[in-house]
Amino acid sequence: MGENAFAGAFESAYARFHVVLLEACEEGRDWPRRIVAGVRAGIAFAAADPEAVRTLTTDAMAQGAEGIDRYERLVAYLRGQLAPGRAHLPPDEQLPGVIEHALASGVLMLVAQRVDQGRTAELPALAPEVAQFLLTPYLGAVEARRVANEPDRS
Amino acid sequence: MASPPKHLMPSAIGRDPFPHEVVVEHQRERVIEAAIEVFAKRGYRGATVGNLVSTAKVGINSFYSIFQGKEDCFLAVHDQIAAEAREWMVAAMPAGAEWPQQATAVLGALLELIEQKPLAARIALVEVHTAGPAARSQHERCLDEVTVLLRGGREHSAVSDELPETLEYATVGGLAWLLQQRIASGEAAGITKLLPEVLEIVVEPYLGEAATAELIGRAVKSPGS
């Protein structure tokens, strides 16, 4: 795929993914539950459209510098969704400056790996684990697990 | 006067003075050494077999007698970099140490290696994504090895039952991207300064905040120990 064609495919996939997350994370819920809802919606999107996930992750990185910049834009968006979690930290606790970067890219890598290996059927079952992974640094392991496994009331 | 041993005698004109396999191995090493520079500086997609043979100063026929092509050469380069990194990190592990000290030593050694060999690091963490499915599979296997190492942390965790099954893979994936970003933006120098943050990301889920802070304090006080 040429660079222009890839750019178009990436922007289209990114826009669809973005809309899915915006709808899922709309205001009205607290931050942890917005994250859980976003993860469920994002994973459902990945399971339904693995080609889009491949475009946003594996194919983007395979494009070299420009693709990496695009991928980084996606990571940056997800980082922005995680950062408000710092308000949930105990007053004397701090997290490393790069934690959101590592969490967001870790989850993207995990989903990309399942898609790459043709294991998309496993994705929906991963949603609670992924949500727990994202919430743990902010809420602690026990509370993160509890919130991540609450029944879906949407 | 006694004659020198037969293997040191001058060869007949036009004949190679060394056994064929020795020559091939030497050429292979030269190509791999050159390829690290070529792939890292031009990128996998921008590099050609012509660049590889001219930098290595070997003939194109010799190149194709050793490698099937550019991708095969890249895979050999990646394989060698991974093997050296593995050896480097194993050597850094203090014998008989517990998992927290081992993890600290391995992560410190990894950052140090990236700082010392930024071109090789670029191939292992950045260019590998651009070199096709076989390269990505090799990369995945490397990540899996680190994942196995991290799982040892569960034995030291008071909350191991609460940890998600995919914690290690996601952590390693996140760490790989962080390092990849630094390397891609030419920030490999000074990457060892990231050790405290890397330890917080990797070790804290198992040990908790206080024990991780103590571990970081010791690692910062005595780097490389």
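The figures follow:
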| item | result |
| --- | --- |
| Residues of the range B:154-179 satisfying the condition of being buried (at least 23 other Cβ atoms within 10 Å of the Cβ) and among the polar types (S, T, N, Q) | B:Thr171 |
| Any hit, the range A:17-32, residues being closer than 17 Å to A:Leu110 by Cα and of a type in the set (Lys, Arg) | no |
| Selection count where residues are surrounded by 13 or more Cβ atoms within 10 Å (Cβ to Cβ), in a helix (DSSP H, G or I) and not β-branched (Val, Ile, Thr), scope the range A:19-47 | 15 |
| Pair list, Cβ < 7 Å and 6+ apart or interchain, from the range B:36-55 residues that are within 14 Å of another protein chain (Cβ to nearest Cβ) to residues that are of a type outside the set (A, V, I, L, M, F, W, C) and not in a helix (DSSP H, G or I) | B:Gly43/A:Gly64; B:Arg45/A:Gly64 |
| The lone exception for B:Ala189 - which of (1) free of Cβ contacts under 8 Å to residues at least 60 places away in the same chain; (2) more than 8 Å from every other protein chain (Cβ to nearest Cβ); (3) not acidic (Asp, Glu) it fails | (1) |
| Single residue of the range B:160-186 satisfying the filter (polar (S, T, N, Q) and in a helix (DSSP H, G or I)) that is farthest from A:Glu100 (Cα to Cα) | B:Ser160 |
| Some residue of the range B:159-170 being more than 12 Å from chain A (Cβ to nearest Cβ), in contact with a helix residue (DSSP H, G or I) (Cβ under 8 Å, 6 or more places away or on another chain), at pLDDT 90 or above and within 19 Å of B:Ala82 (Cβ to Cβ) | no |
| Scope the range A:67-83; condition among the acidic types (Asp, Glu) and either in contact with a helix residue (DSSP H, G or I) (Cβ under 8 Å, 6 or more places away or on another chain) or in contact (Cβ under 8 Å) with a residue 24 or more places away in the chain (or both); matching residues | A:Glu72 |
| Any chance B:Ala131 is out of contact with any strand residue (DSSP E or B) (no Cβ under 9 Å at 6 or more places or on another chain) and either more than 28 Å from B:Ala95 (Cα to Cα) or in contact (Cβ under 8 Å) with a residue 24 or more places away in the chain (or both) | yes |
| Count of residues meeting criterion [at the interface with chain B (Cβ under 7 Å from one of its Cβ atoms) and more than 16 Å from B:Glu165 (Cβ to Cβ)] in the range A:117-154 | 1 |
| Contacts under 6 angstrom Cβ, first residue in the range B:212-225 being under 14 Å from B:Leu194 (Cα atoms), partner at pLDDT 90 or above and part of a helix (DSSP H, G or I), 6 or more apart | B:Ile216/B:Pro196; B:Ile216/B:Leu199; B:Ala219/B:Thr104 |
| Conditions (1) surrounded by 19 or more Cβ atoms within 10 Å (Cβ to Cβ); (2) modelled with pLDDT under 95; (3) more than 7 Å from chain B (Cβ to nearest Cβ): number failed by A:Pro90 | (1) |
| Which numbered condition B:Pro205 misses (of (1) crowded, with 22+ Cβ neighbours inside 10 Å; (2) within 19 Å of B:Leu111 (Cα to Cα)) | (2) |
| Cross-chain or 6+ apart pairs with Cβ under 6 Å, the range A:132-147 first and free of Cβ contacts under 8 Å to residues at least 60 places away in the same chain, then among the charged types (D, E, K, R) and part of a helix (DSSP H, G or I) | A:Gln132/A:Arg145; A:Ala141/B:Glu162; A:Val142/B:Glu162; A:Arg145/B:Glu162 |
| Listing of helices (runs of 4 or more DSSP H) fully contained in the range A:58-128 that carry 2 or more residues being closer than 24 Å to B:Leu195 by Cα | A:65-82, A:99-116 |
| Residue satisfying condition, being assigned to a helix (DSSP H, G or I), at pLDDT below 95 and over 26 Å from B:Gly43 (Cβ atoms), within set A:Arg153, A:Arg145 | A:Arg145 |
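The values are calculated or read from the model by the stated rules, or taken from the named source; none is laboratory data. Everything quoted here is computed from the prediction, not taken from an experiment. Neighbour counts are summed over all protein chains in view; Cβ atoms, including those assigned to glycine, are modelled from backbone coordinates with ideal geometry.
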